[in-house]
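Worksheet: one structure, shown below.
A short reminder: the numbers here are calculations on the coordinates, not readings from a lab. As the structure is a computational prediction, the values presented were derived from the model and not from experiment. Reconstructed Cβ throughout: ideal geometry from the backbone, glycine too, with neighbour counts over all protein chains shown.
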Amino acid sequence: MRGLVLGLFLLPALVIGILSIRPGGLRRQLRYLRRRFKLAMVLAGIYLAGSTFTRLFFPGNPWAEWGLVGLAALLGLVFLVLAQDPESPATPTPPASAASPRPPPPAAP
């Protein structure tokens with residue numbers, strides 16, 4: 001019981017700590033986390049559909065079992081490719097509001 005309670009507090013603290021030190025800060029990393037979670041749910045749905053199809057139409061076939069392993073490996077590779085952080089520009093450009101204001105026009109004589 002102590003391990004469960006400790007894990008409930010330690011795991012979120014560890015996740016927040018790791019995401020906070022990554023480039024872009026916690027808010028940006030949580031936005032990426034949301035995108036990755038959506039992608040994982042779509043890929044899990046694809047695997048579930050493939051598994052259901054295999055169990056219904058090829059019951060007891062040993063090649064079907066290896067097909068599911070191959071499908072899982074393929075979906076894992078798809079996740080690794082699509083879940084990467086988007087490239088950030090090498091030199092960040094300041095927002096328009098942060099640009100230095102123009103000097104006032106010269107006074108008329």
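Okay, here's what the table says:
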read-out	value
Burial ranking of peptide ranges 102-109, 57-64 (average Cβ count within 10 Å, highest at the top)	57-64, 102-109
Cβ-Cβ FRET estimate between Phe9 and Ala40, R0 fixed at 35 Å, reported to 0.05	0.90
Cα-based helix-to-principal-axis angle, 2-21 vs the chain, degrees rounded to 10	40 degrees
Charge dipole (the chain, unit charges on Cβ, about Cα centre) - positive-most of Asn61, Ala107, Ser51	Ala107
Average Cα contact separation per residue, the chain, under 8 Å, 6 or more apart, as relative contact order %	21 percent
Separation in nanometres of the label points that stand 7 Å from Cα toward Cβ, at Ser51 and Ala73	1.9 nm
Expected 222 nm ellipticity per residue - DSSP helices of 4 or more, -39500 (n - 2.57), all of the chain, to 500	-24000 deg cm²/dmol
